[in-house]
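Asks: Sharing a structure with you now.
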Amino acid sequence: MWPFAKFSTFATRPAFANGVAFVLAALSLGAMFRGTPAAAEGQVTVYCSILEEQCREGAALFEKATGIKVLMIRRSTGETYAQVKAETANPKADVWWGG
């Protein structure tokens, strides 16, 4: 057990912090490769299929770090996969966080 678990939130645990760093990088890359840069729009759309608390915390950290608003849509992996597959010709999200 992580020594300070009883005093911490998900955001302060090393494994989650690594995950947030990954998501911040993925959101930035997703924003760069989309037809219209999300930064120019001032918003990124994220499909999230991990724990809802982690999705919210990651989105808040990204917004604080970049100033870009995150529109987070939380669904199960199966639902998200079906949506991504249906949107193949016209993607609506910038990033899928989870899997």
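The values are calculated or read from the model by the stated rules, or taken from the named source; none is laboratory data. Owing to the predicted nature of the structure, the values given are computational and were not obtained by experimental measurement. We place every Cβ from the backbone using ideal geometry, glycine too, and count neighbours over all the protein chains shown. Note: areas computed on protein heavy atoms with side chains; ligands, DNA, RNA excluded. Shrake-Rupley method; radii C 1.70, N 1.55, O 1.52, S 1.80 Å.
Asks: Any residue in region 86-99 that's in contact (Cβ under 8 Å) with a residue 60 or more places away in the chain: show its pairings with residues that are aromatic (Phe, Trp, Tyr) and open to solvent by 70 Å² or more (accessible area, probe 1.4 Å) at Cβ separation under 7 Å, as long as the two are six or more apart or on different chains.
Replies: none
Asks: Just the residues that are of a type in the set (A, V, I, L, M, F, W, C) and either in a strand (DSSP E or B) or at pLDDT below 95 (or both), please, taken from region 55-83. So that I can check it myself, show each step before the final result.
Replies: To start, the set of residues in region 55-83 that are of a type in the set (A, V, I, L, M, F, W, C) comprises 55, 59-62, 65, 68, 70-73, 82.
Within region 55-83, 55, 59, 60, 61, 62, 65, 68, 70, 71, 72, 73 meet the criteria.
Asks: If you don't mind, another one. Look through 5, 15 and report the one residue that is open to solvent by less than 60 Å² (accessible area, probe 1.4 Å) and modelled with pLDDT under 60. If you could, list the steps in order and put the result at the bottom.
Replies: Working: 15 fails: open to solvent by less than 60 Å² (accessible area, probe 1.4 Å).
Exactly one residue qualifies, and that residue is 5.
Asks: Looking at the structure I just gave you, is residue 39 part of a helix (DSSP H, G or I) and either surrounded by 12 or more Cβ atoms within 10 Å (Cβ to Cβ) or at pLDDT below 95 (or both)? Lay out the reasoning, then the answer.
Replies: Numbers: part of a helix (DSSP H, G or I): yes; either surrounded by 12 or more Cβ atoms within 10 Å (Cβ to Cβ) or at pLDDT below 95 (or both): yes.
Yes, satisfied.
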